[in-house]
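These notes concern the structure reproduced below.
The values are calculated or read from the model by the stated rules, or taken from the named source; none is laboratory data. Treat the numbers as computed from the prediction; the structure is a model and nothing was measured. Note: ideal-geometry Cβ built from the backbone for every residue, glycine included; neighbour counts use all protein chains shown.
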Amino acid sequence: MTMRRAALQPVIIGAIASALVITIFYFFLTEDINKEIVSVEKNKGNLAGSMARQAGQHVQTAIAALEVAADMPQMQSTEYSDLISEENKGVPVNVDMEKRNVQKAVLLAVPSLESIGFLMPNGDVYSVEPSILQQNLPVVNFAYRDYYIEVINRQNTYVSAAFQSTATYNYTTVIAVPVFKDGSLAGLLVGALNLGVINEQLRMLDLDENEVAVIVDGDWNEIASSDRPVGDTTPRRSFSYLQDIMGDTAMSARIDASGKDTYITRAPVDLGSNRWSVLLIQPYSDAFSDVYLHQSEALSIIAITVGIMSVSGYILFRSMLGNVRLTDKLEDVNEELKSLNQNLKGDKARLESLSSELKSKNEHLEYLAKELDLKATQLKEMDAAKEEFAAMITHELKTPLVPIVGYTELLVDGTLGELTPVQKEKIQLMHDSAVSLSGLISDLLDIRKLEMGKMKFDVLETPVKDIVGQAVGSFLPLAKSKQIALTYTVAPDGGGSDLMLSCDPKRIQQVLNNLISNSLKFVSEKTGVVQVTARRNSNSVEFAVKDNGIGIPEEKQAKLFSKFYQVDTSLRREVGGSGLGLAISKGIVEAHGGKIWFESTPRVGSTFYFSIPMVNNAVGGAEA
Ligand code: ADP
């Protein structure tokens with residue numbers, strides 16, 4: 001139990017540490033997000049501020065131009081005021097051209113002013129430029145307008161609310177400047193400022209999607225807006241609901257605008273008398289979308305971190321719990337081991353006695369092993385002696401056959417006196433048997449020498465055609481007697497020269513003899529064909545003995561080169577042989593560094609090949 005509590009401790013510490021890390025991370029994250037929010041707010045403030053400055057400059061330029069004009073003497077004279085009539089909407093348009101020229105000059109200098117009028121202190125129109133507008137005026141007295149009332153009250157410049165011009169129908173605001181002559185009011189200079197220009201400036205702002213820039217006048221009525229098309233004369237909107245929320249001072253606000261979470265940035269346009277505001281209006285989530293993005297990214301990181309920490313905590317906990325269980329188990333095992341140990345002590349004594357017994361047995365075994373070694377050496381020595389004996393016997397067996405073969409030959413050919421036909425036949429039989437026995441003994445001797453690596457090779461550079469010619473020549477009488485066609489061809493080497501081979505010619509001839517002799521045995525009399533060929537094949541000489549004999553069954557082909565192997569003993573006994581010829585041939589060819597093989601189809605024929613490298617060091621030992 002105590003172990004279990006001990007295991008829990010690091011887990012609890014881990015959990016507290018993770019919570020701490022996450023809290024710190026969250027603290028920095030909040031800090032960061034707040035900074036981003038402040039920076040978004042600042043950027044919006046800057047944009048609204050720069051628009052406010054532009055709009056302000058636009059109005060201030062017009063104000064300055066009108067105020068300069070108001071100071072000019074032409075403006076201060078009202079000498080034709082008697083000519084003001086309802087019909088002319090002021091003095092006739094061709095009267096007081098001095099004043100009218102100043103009005104025209106200001107219009108030229110400030111293109112956004114679409115008209116400039118001079119009002120008498122009682123509000124009657126004196127002159128309007130362009131004069132065509134004067135003629136179209138609906139009334140002659142404008143004392144009812146807010147700008148007239150404000151200027152009379154304040155005796156100072158006033159910028160009016162925005163309204164639709166009665167003359168041009170454009171949305172305009174009127175800048176009204178008092179004109180004084182010798183300290184008393186001589187009239188009002190009123191310029192109608194076309195707000196279309198400001199509207200265009202708003203439309204050119206670099207705004208976000210869903211963001212609208214609006215300029216409102218002091219009563220929070222729309223003057224211009226970025227979402228209002230050029231020349232649009234639909235009624236201006238009122239933003240007075242913002243007045244209640246933002247008052248005169250708030251520069252930004254997050255409000256619920258008819259159910260929409262909206263962010264408003266405000267910058268004042270300072271015009272002295274009438275305070276306009278630039279407003280940037282945007283859905284709150286759009287304005288702070290980047291911040292939201294970062295926030296959600298960071299929250300995902302926290303979530304993932306918490307996830308990883310919990311999983312690794314869980315794994316840690318499990319593995320510790322596992323360790324506790326393991327420790328419990330280990331204690332049990334330890335107990336068991338203790339008792340086992342006790343038992344083992346008893347066993348040990350028994351084992352010790354067994355061990356000494358084994359020791360003595362071992363000693364006996366060692367003695368036996370030595371005996372065996374001795375016997376093995378003796379056996380080896382006996383083996384060698386046997387080999388020697390076998391070699392000697394084979395050799396000695398051959399020697400007595402020499403006179404038998406020689407004398408039987410002399411007897412048969414009549415050199416030692418004529419014999420009766422019966423005698424001749426029997427002696428011939430003796431001769432043939434002695435010859436075949438001698439051949440068998442020679443074969444046995446050869447195979448032994450080859451096996452012991454003791455066959456001696458007399459290597460000579462020899463024309464291949466000599467080797468083949470002699471081998472074939474020795475079988476011609478036999479072939480002729482059986483009417484078998486035995487032929488040979490040796491292809492000349494490059495340039496027509498004789499094909500030469502460095503080898504032991506007698507031994508190669510022996511190989512050929514074996515193969516030709518086999519072929520002659522297995523072809524039919526009269527129809528048999530045996531062809532012997534030799535040719536150069538890159539750096540070897542390839543020999544072939546081809547016959548149209550009985551062939552070799554496929555299942556017997558694998559063992560053909562084994563000692564004493566004959567394909568079908570019953571049949572082949574008739575044709576004689578020891579089953580050593582191919583084994584000897586293989587040994588000779590391989591001792592020359594070459595190889596031997598064959599192709600055979602039963603009832604069609606066989607071809608035996610062997611190839612000897614032109615450069616070879618036929619390996620041999622001393623003749624046994
Ligand atoms: P053997 O002295 O009995 O001919 P070999 O080693 O020369 O011994 O040949 C082994 C056996 O392979 C032969 O007994 C024969 O059955 C078979 N053989 C060899 N050459 C031919 C051949 N040209 N056609 C058919 N059988 C062959």
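Suppose we filter segment 444-469 for residues that are touching a helix residue (DSSP H, G or I) at 6+ places or on another chain (Cβ under 6 Å) and in a helix (DSSP H, G or I); how many remain?
Number of matching residues: 6.
Do we find that SER184 is exposed (fewer than 13 other Cβ atoms within 10 Å of the Cβ), at pLDDT 85 or above, of a type outside the set (A, V, I, L, M, F, W, C) and closer than 30 Å to ALA105 by Cβ in this structure?
yes
Residues checked against (1) within 12 Å of the ligand (Cβ to nearest atom); (2) within 23 Å of ASP432 (Cα to Cα):
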{"position": "LYS480", "(1), (2)": "no, yes"}
{"position": "MET500", "(1), (2)": "no, no"}
{"position": "PHE522", "(1), (2)": "yes, yes"}
{"position": "ASN539", "(1), (2)": "no, no"}
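Touching an Asp or Glu at 6+ places or on another chain (Cβ under 8 Å), more than 11 Å from the ligand (Cβ to nearest atom), more than 20 Å from SER442 (Cβ to Cβ) and of a type outside the set (Gly, Ala, Ser), is that true of PRO505?
no
When you check VAL530 against the structure, is it within 12 Å of the ligand (Cβ to nearest atom), β-branched (Val, Ile, Thr), in contact with a helix residue (DSSP H, G or I) (Cβ under 9 Å, 6 or more places away or on another chain) and not in a helix (DSSP H, G or I), yes or no?
For VAL530, the condition - within 12 Å of the ligand (Cβ to nearest atom), β-branched (Val, Ile, Thr), in contact with a helix residue (DSSP H, G or I) (Cβ under 9 Å, 6 or more places away or on another chain) and not in a helix (DSSP H, G or I) - is met.
Pick out the one residue from SER562, SER585 that is under 30 Å from LYS454 (Cα atoms) and at pLDDT 95 or above.
Within the list SER562, SER585, the selection yields SER585.
When both residues are 6+ apart or on different chains and their Cβ atoms are under 9 Å apart, which pairs have a first residue that lies in segment 131-153 and is more than 21 Å from LEU107 (Cβ to Cβ), and a second that is part of a helix (DSSP H, G or I)?
From segment 131-153, the pairs are ALA143/ILE149; ALA143/ILE152.
Name the residue that is modelled with the lowest pLDDT, counting only residues in segment 565-582 that are near the ligand (Cβ under 9 Å from one of its atoms) and not in a loop (DSSP other than H, G, I, E, B).
ARG572
Yes/no matrix, rows are residues, columns are (1) buried (at least 16 other Cβ atoms within 10 Å of the Cβ); (2) among the aromatic types (Phe, Trp, Tyr):
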| site | (1), (2) |
| --- | --- |
| GLY196 | yes, no |
| LEU205 | yes, no |
| SER225 | yes, no |
| ARG236 | yes, no |
| ALA250 | no, no |
| SER258 | no, no |
| SER285 | no, no |
| PHE288 | yes, yes |
| VAL291 | yes, no |
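For segment 214-296, please list each of the strands (runs of 3 or more DSSP E) lying entirely inside it that holds at least 1 residues being over 16 Å from LEU47 (Cα atoms) and β-branched (Val, Ile, Thr).
222-225, 252-257, 260-269
Of the residues that sit in segment 541-557 and are within 13 Å of PHE608 (Cβ to Cβ) and assigned to a strand (DSSP E or B), which one is farthest from the ligand (Cβ to nearest atom)?
GLU542
Here is a list of conditions, (1) under 14 Å from THR489 (Cβ atoms); (2) away from the ligand (no atom under 14 Å from the Cβ); (3) buried (at least 21 other Cβ atoms within 10 Å of the Cβ); (4) over 60 Å from the mean Cα position of the chain (by Cα), and LEU512 meets all of them except one; can you say which number that is?
Going through (1) under 14 Å from THR489 (Cβ atoms); (2) away from the ligand (no atom under 14 Å from the Cβ); (3) buried (at least 21 other Cβ atoms within 10 Å of the Cβ); (4) over 60 Å from the mean Cα position of the chain (by Cα) one by one, LEU512 breaks only (2).
Each row is one residue, and each column tells you yes or no for (1) among the β-branched types (Val, Ile, Thr); (2) within 20 Å of ARG448 (Cα to Cα); (3) modelled with pLDDT under 85.
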residue: SER360; (1), (2), (3): no, no, no
residue: GLU363; (1), (2), (3): no, no, no
residue: ALA376; (1), (2), (3): no, no, no
residue: THR399; (1), (2), (3): yes, yes, yes
residue: THR420; (1), (2), (3): yes, no, no
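Can you pull out every residue in segment 277-305 that is in contact with a Ser or Thr (Cβ under 9 Å, 6 or more places away or on another chain) and within 19 Å of GLY218 (Cβ to Cβ)?
VAL278, LEU279, LEU280, ILE281
Against the definition (over 60 Å from the mean Cα position of the chain (by Cα) and buried (at least 18 other Cβ atoms within 10 Å of the Cβ)), how does ALA64 come out, yes or no?
So ALA64 fails the test.
Testing GLY495 on (1) assigned to a helix (DSSP H, G or I); (2) farther than 17 Å from PHE561 by Cα; (3) in contact (Cβ under 8 Å) with a residue 12 or more places away in the chain, one condition comes back false. Which one is that?
Status for GLY495: all satisfied but (3).
So which pairs qualify, if the first residue must be in segment 211-224 and closer than 16 Å to ARG53 by Cβ, the second must be assigned to a strand (DSSP E or B) and of a type in the set (Phe, Trp, Tyr), the Cβ gap must be under 7 Å, and the two must be at least 6 apart or on different chains?
ILE215/TRP276; ILE223/TRP276
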